[in-house]
1. Say we look at segment 4-59 and pick out the residues that are of a type in the set (S, T, Y) and under 29 Å from V238 (Cβ atoms); which of these is nearest to ligand 2 (Cβ to nearest atom)?
2. If you scan segment 329-377, which residues turn out to be within 16 Å of N222 (Cβ to Cβ), surrounded by 15 or more Cβ atoms within 10 Å (Cβ to Cβ) and in contact (Cβ under 8 Å) with a residue 40 or more places away in the chain?
3. Determine the pairs where a residue that is among the basic types (K, R), located within segment 260-282, has a partner that is surrounded by fewer than 21 Cβ atoms within 10 Å (Cβ to Cβ) with Cβ atoms under 6 Å apart, the partner being 6 or more residues away or on another chain.
4. What pairs come out if I take residues in segment 138-167 that are under 17 Å from R197 (Cβ atoms) and pair them with residues that are small (G, A, S) and in a strand (DSSP E or B) whose C-beta lies under 8 Å away, six or more apart or interchain?
5. Of all residues in segment 161-185, how many are assigned to a loop (DSSP other than H, G, I, E, B), more than 13 Å from ligand 2 (Cβ to nearest atom), within 27 Å of A335 (Cβ to Cβ) and of a type outside the set (S, T, N, Q)?
6. Only one residue in V235, V211 is at pLDDT 95 or above, within 27 Å of T45 (Cβ to Cβ) and crowded, with 22+ Cβ neighbours inside 10 Å, so which one is that?
7. Hey, can you tell me all the residues within segment 365-379 that are of a type outside the set (D, E, K, R) and assigned to a helix (DSSP H, G or I)?
8. For the condition more than 16 Å from ligand 1 (Cβ to nearest atom), assigned to a helix (DSSP H, G or I) and more than 29 Å from the chain's Cα centre (by Cα), what is the one hit in K340, K321?
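The values are calculated or read from the model by the stated rules, or taken from the named source; none is laboratory data. In this text the structure is predicted, and so the values were computed from the model without any measurement. FYI the Cβ positions are ideal-geometry reconstructions off the backbone, even for glycines, and counts take in every protein chain you see.
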Amino acid sequence: MSTEKQKYTRNNPYQSRMLVNILMTDRDSEKETRHIELELEPGMTYTPGDAVGILPENRPSEVAEVLAALKMRGDERVLDHYKVEISLEEALRTRLNLGKLTRSSVTQYAKLTGDPELQRISLPENRSKAEEYVWGREFIDLITEYPGGITDPQQLFVVLARLTPRMYSIASSQALVENAVHTIVRVVRYVSHKRERQGLCSGHLGERTPVGATVPIFLHANHNFRLPEDTTAPVIMVGPGTGIAPFRAFLQHRKAYGHTGDNWLFFGEQRRASDFLYREDLEGMHKDGILTRFDTAFSRDQTHKIYVQDRMQEHAAEIYKWLQRGAYFYVCGDATRMAKDVDTALYDAVAKGCNCTPDVAQEYIATMKKEKRYQLDVY
Ligand SMILES: Cc1cc2nc3c(=O)[nH]c(=O)nc-3n(C[C@H](O)[C@H](O)[C@H](O)COP(=O)(O)OP(=O)(O)OC[C@H]3O[C@@H](n4cnc5c(N)ncnc54)[C@H](O)[C@@H]3O)c2cc1C
Ligand SMILES: NC(=O)c1ccc[n+]([C@@H]2O[C@H](COP(=O)([O-])OP(=O)(O)OC[C@H]3O[C@@H](n4cnc5c(N)ncnc54)[C@H](OP(=O)(O)O)[C@@H]3O)[C@@H](O)[C@H]2O)c1
């Protein structure tokens, strides 16, 4: 991103027009992953590695259900977080988090209802009971199961958290797309407590923002996830699932500017036939030579799981050679399991490659981190 201060922020977002919103995964996929392109005002700039923040809205059907459960109409007047007067309907749609219930909401609501059961689970010593209660529940469940707590619509601003933006790694380079920003969104859907749920923002983008609709957005710099300044330096990128996003941006960028450094991508998803995100793009870049090496791991195409770290293990010696040549190593995607397993695979590749003690291998990786040659964008 340019060093200039961004004009648009989470509190003053840009009303961006949806240019493209297409399903990337096949009908047979277990996932619903979408490629999204949003328009930018000239002058809005980003750098590959950055994220786009999107401010979602709650589902109108959910807002209607909440209003019905509260026995309110929606045209009641309330003051929002900045003391601006708006309708209750607008507050429920655009200001308050109706999704994933928090313990704090239960505690605040317990005070209003005076319900002994809710008050009991709100006690600090019953934290695990409260966590069990909120799991898979939303505000509608709370007010349906314990009605009558909200007598004044303004109380909702005490009970409910503020609706917050969600971040999405940018999947494009402005060298190619100019006044647009691309991203990939996996739509979250699940059933809990007999209700169909949707992720707040991914549901909004997946279902209710067709081409031409406007979406409030802002650009968010990530200075810790950057291509090397040395345009000849090799890069190794590990990006399973939606983790592919920043690497598409990196590759577009390097291609557009004719950077000569070698590029190696590890991509993984469930099935080649239904989940190979950006298949044509990536295979094309591999053919062109922009993508020097390209390894895929389709976890469910055979009886045993194959993950990106398994491919790394197969090519451990080559990875070490690249690192010795000064390669930068990048990981994007799942923070909880994948990034840890990839870290172990990297460590193994180094330990094997240098044929050294575990301490020396650890030090090698610590040095890479110090030199910013090991960067993570995980969530
Ligand atoms: C820096 C960064 C970059 C990111 N990049 C991307 C990206 O490129 N693409 C992308 O798709 N996402 C990305 N994410 C994640 C994204 O920001 C959102 O978290 C994601 O889209 C879900 O948001 P949501 O509003 O749709 O869902 P939310 O309304 O926040 O709901 C998600 C929550 O629902 C709950 N949940 C989910 N499944 C179940 C279940 N089966 N049972 C019970 N509860 C469940 C979980 O608590 C989960 O946290 C990124 C996040 C960060 C921080
Ligand atoms: N907050 C949210 O609700 C939300 C919404 C969207 C995405 N996300 C998160 O975003 C990340 C990416 O999600 P995604 O659906 O794009 O991809 P993903 O879940 O990371 O899946 C991509 C590939 O990685 C495989 N995988 C599973 N465990 C792995 C491991 N330990 N090491 C390496 N690979 C592993 C998967 O295989 P298998 O599936 O066959 O095991 C699949 O082939 C995940 O953290 C996901 O939870 C969160």
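1. Looking at the filtered set, the residue picked out is T33.
2. Answer for segment 329-377, where residues must be within 16 Å of N222 (Cβ to Cβ), surrounded by 15 or more Cβ atoms within 10 Å (Cβ to Cβ) and in contact (Cβ under 8 Å) with a residue 40 or more places away in the chain: Y330, V331, C332, G333, Y374, Q375, L376, D377.
3. From segment 260-282, the pairs are R271/F298; R271/R300; R271/D301; R272/F298; R272/D301.
4. R166/G53
5. Initially, segment 161-185 is screened for residues assigned to a loop (DSSP other than H, G, I, E, B), giving 161, 163-165, 171-173, 178-179.
Cutting the leftovers down to more than 13 Å from ligand 2 (Cβ to nearest atom) gives us 161, 163, 165, 172-173, 178-179.
If we keep only those that are within 27 Å of A335 (Cβ to Cβ) as well, we get 161, 163, 165, 172-173.
If we keep only those that are of a type outside the set (S, T, N, Q) too, we end up with 161, 163, 165.
Here the count works out to 3.
6. V235
7. I365, A366, T367, M368
8. Being more than 16 Å from ligand 1 (Cβ to nearest atom), assigned to a helix (DSSP H, G or I) and more than 29 Å from the chain's Cα centre (by Cα) holds for just one of K340, K321, which is K321.
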